[in-house]
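To start, the structure under review is shown below, and the notes come after it.
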Amino acid sequence: MIVTFQPSLFEEKIFQNRRIYFKRDDLLDVDFSGNKARKFYAFLVREFPHIKRVVSSGSNQSNAMYSLSVLARKRGWEFIYVCDHISSFLKQNPIGNYAKALENGMRIFESPAREVALDAFLDSHTLHVKEGGSQKEAEEGVFLLARELLNDVEREHVENPYLFLPSGTGTTALFLQKHLPFKVYTCATVGDSAYLRRQWEVIEPNALVYPTILEAHRKYRYGKLYRELFEVWKNVQAETGVTFDLVYDPIGWKVLTEHLDVLQGTPIYVHQGGLLGNASMLARYERQANML
Ligand SMILES: *Cc1c(COP(=O)(O)O)cnc(C)c1O
């Protein structure tokens, strides 16, 4: 299968009187959420003559789930997805990634023992994609992103660049650091820094290529609503015109701005997409109207 992505935009912005560059991977492809297009690139371009379906598991609003539904549709594969639980409210009012993945033909199953339930679908015609796409195959597409960034930095004469991006599984940050000559900083959004390191140890034995983890001044629980983070989201939009996702970016931006004074060089923020997920996050913020 032939798939080519045009290099995504590289934009210079001013935020609170500081120069900061954005790598707009959110605009990479209309169908995929930015970094999932990079992580699943190998599954888009390699030959899979025997594969007829793809199975995966995770949360019922995950960007990876939606992107896998796109992959399956493009390749003509069946798509099976196992999640813990789907509330009856969501079943009756499908929204966001969940709604769009169903439109793409996803068959979704609920099971409190996701991995066990998933095993039942595995056979020689089935491709198993790990939760969040955290696996070695992600390196191929993320390598191309690293190459683009090297071109961007050279073309725009960015002095002493460093990269920042928020991590879920940390796979994107890991392979970026592995293939870039300048520093890659990240922060944990799922679990803590120890969790992030353990994720890296599973897919990359060479600890010398691990990104540098920055700690948030306070703890945020993954997927939870915080008035403070919603303010961050609105401020970035107002000042730069860039719309962030509401799960990863507000935490990432908070952590980056908390450290800007001590980091040397010119920051590049990788916008990894995920905007489809904003519909369900905004609906949750609206239901808690006292937070807005
Ligand atoms: C999936 C995702 C991430 C996390 O990517 P990892 O490679 O798992 O660290 C970050 N931001 C957005 C918008 C995502 O969809």
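The values are calculated or read from the model by the stated rules, or taken from the named source; none is laboratory data. The structure displayed is predicted, hence computed values, not measured ones. Glycine also receives a Cβ, built like all others from the backbone with ideal geometry; neighbour counts cover every protein chain displayed. What goes into the accessible areas is simple: the full protein's heavy atoms, side chains included, and nothing from ligands, DNA or RNA. Shrake-Rupley method; radii C 1.70, N 1.55, O 1.52, S 1.80 Å.
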Original post:
Restricting to segment 76-94, what's the tally of residues that are open to solvent by 50 Å² or more (accessible area, probe 1.4 Å) and either in a helix (DSSP H, G or I) or of a type outside the set (S, T, N, Q) (or both)?
Top reply: 9
**OP:** Would you point out which residue out of 86, 51, 95 is under 20 Å from the mean Cα position of the chain (by Cα) and away from the ligand (no atom under 14 Å from the Cβ)?
**Re:** 95
Subject >> Residue, nearest to the ligand (Cβ to nearest atom), within segment 101-137, restricted to residues that are closer than 17 Å to residue 77 by Cβ and in a helix (DSSP H, G or I) >> reply: 133
**OP:** Could you tell me whether segment 18-38 includes any residue that is over 20 Å from the mean Cα position of the chain (by Cα) and surrounded by fewer than 19 Cβ atoms within 10 Å (Cβ to Cβ)?
**Re:** yes
**OP:** Take residue 67 and decide whether it is outside any strand (DSSP E or B), within 14 Å of the ligand (Cβ to nearest atom), of a type outside the set (Val, Ile, Thr) and open to solvent by 50 Å² or more (accessible area, probe 1.4 Å).
**Re:** no
Original post:
Is there a residue being of a type in the set (Gly, Ala, Ser), free of Cβ contacts under 8 Å to residues at least 24 places away in the same chain, within 24 Å of residue 94 (Cβ to Cβ) and out of contact with any Lys or Arg (no Cβ under 6 Å at 6 or more places or on another chain) anywhere in segment 275-283?
Top reply: no
Subject >> Residue that is nearest to residue 193 (Cα to Cα) [pool: residues in segment 213-261 that are open to solvent by 20 Å² or more (accessible area, probe 1.4 Å) and among the acidic types (Asp, Glu)] >> reply: 215
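For (1) assigned to a helix (DSSP H, G or I); (2) among the small types (Gly, Ala, Ser); (3) open to solvent by 60 Å² or more (accessible area, probe 1.4 Å); (4) away from the ligand (no atom under 16 Å from the Cβ), each residue gets a yes or a no:
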residue: 142; (1), (2), (3), (4): yes, no, no, no
residue: 145; (1), (2), (3), (4): yes, no, no, no
residue: 151; (1), (2), (3), (4): yes, no, yes, yes
residue: 154; (1), (2), (3), (4): yes, no, yes, yes
residue: 158; (1), (2), (3), (4): no, no, no, yes
residue: 164; (1), (2), (3), (4): no, no, no, no
residue: 172; (1), (2), (3), (4): yes, no, no, no
residue: 176; (1), (2), (3), (4): yes, no, no, no
residue: 181; (1), (2), (3), (4): no, no, yes, yes
